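Accompanying notes for the structure given below.
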Amino acid sequence: MRAWKIAALTLATLTVVSCSKSPTGRSQLAFLPEGQLNQMGEQSYEQMKAETPISDDAAINAYVQCVSHALIEVLPEPYSQADWDITVFDEDTVNAFALPGNNIGVYRGLLGVAENQHQLAAVIGHEIGHVIAEHSNERVSSNMAVGAGLQLGAILANKELESENAALLMSALGIGAQVGILLPYSRTHESEADQLGLDYMADAGFKPIEAADLWRNMAKESKGAPPELLSTHPSPQTRIDAIEAYAPRLDNRVRQAHQQGRNPSCSKPTI
């Protein structure tokens, strides 16, 4: 069988057998088994803990643990029953993350931007959303699919075109894949994680609308960001508009959470 037929068959087979659904019902690719993702997440997390200073501030750790566990309690199973490792990194970086294998990292610098428990919950809920929606699996899988597609394109281009024209075509295909597939995937992931994070906030009794103020604060921190078309993240204003449109739909879920005794009271320490 010719090389281009093998490449085409491989790409088609991977695509057919690896389709799944995200928590919001969106179709996605998932080539990697869960166990492998968890192992990769654990390795990355342990490496970060080995290389990055960890905060020993009891008040800060208690605050982050309080917000995190309020969210974890309302996650779908098996995530709500998992033993999550939560670490506060003692750096000024304004960031947080969650990794497969039930790992959460929060940088001390984030606490200066997230003004209260609700805004911190928005960030942590968003990051947990990435894990539950298996965005890392989808991103790796989409890279694999694009790579297979570009290999197929290279075979066809070299067969049908002169070498100079083939090089131009492959260059265009590479840019097209990044802007047309991989970057939109990232923006889709961010928007989906925002929605999932708001859901978790509501079910835990936090105020989802506070996420809009969080992103206003984040916008002040970001300078010289690339245009949204060429960014892996939606623009802050796009996120704010989406949050303000979606958050009111969660009012009943917040009320139900409060009626069920879920009304977090996590005291933010002085930073």
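Descriptive notes on the structure:
- Qualifying residue in the stretch 218-235 (condition: at pLDDT 90 or above and either assigned to a helix (DSSP H, G or I) or touching a Pro at 6+ places or on another chain (Cβ under 8 Å) (or both)): no
- The stretch 170-199, subset of a type outside the set (A, V, I, L, M), modelled with pLDDT of 95 or more and more than 20 Å from VAL113 (Cβ to Cβ), residue most open to solvent (accessible area, probe 1.4 Å): GLN195
- Flag: GLU91 matches the condition of being closer than 23 Å to ILE271 by Cβ and not hydroxyl-bearing (Ser, Thr, Tyr).
- Residue within the stretch 81-94 that is more than 12 Å from the chain's Cα centre (by Cα), open to solvent by less than 30 Å² (accessible area, probe 1.4 Å) and under 18 Å from ALA202 (Cα atoms) present: no
- Given (1) assigned to a loop (DSSP other than H, G, I, E, B); (2) modelled with pLDDT of 80 or more; (3) not hydrophobic (A, V, I, L, M, F, W, C), number of the condition GLU46 does not satisfy: (1)
- Residues that are buried (at least 24 other Cβ atoms within 10 Å of the Cβ) and of a type in the set (Gly, Ala, Ser), drawn from the stretch 106-132: ALA114, ALA121, ALA122, GLY125, GLY129
- In the stretch 53-80, the residue that is surrounded by the most Cβ atoms within 10 Å (Cβ to Cβ) out of those that are polar (S, T, N, Q) and under 21 Å from the mean Cα position of the chain (by Cα) is SER68.
- Against the list (1) touching an Asp or Glu at 6+ places or on another chain (Cβ under 8 Å); (2) in a helix (DSSP H, G or I); (3) not aromatic (Phe, Trp, Tyr), the condition LEU71 fails is (1).
- Listed conditions (1) surrounded by fewer than 16 Cβ atoms within 10 Å (Cβ to Cβ); (2) of a type outside the set (Phe, Trp, Tyr); (3) modelled with pLDDT of 90 or more are all met by ASP203, apart from (1).
The values are calculated or read from the model by the stated rules, or taken from the named source; none is laboratory data. All values reported here derive from a predicted model rather than from experimental measurement. Virtual Cβ from ideal backbone geometry, glycine too; neighbours counted across all protein chains shown. Heavy atoms of the whole protein, side chains included, go into the accessibility calculation; ligands, DNA and RNA do not. Shrake-Rupley method; radii C 1.70, N 1.55, O 1.52, S 1.80 Å.
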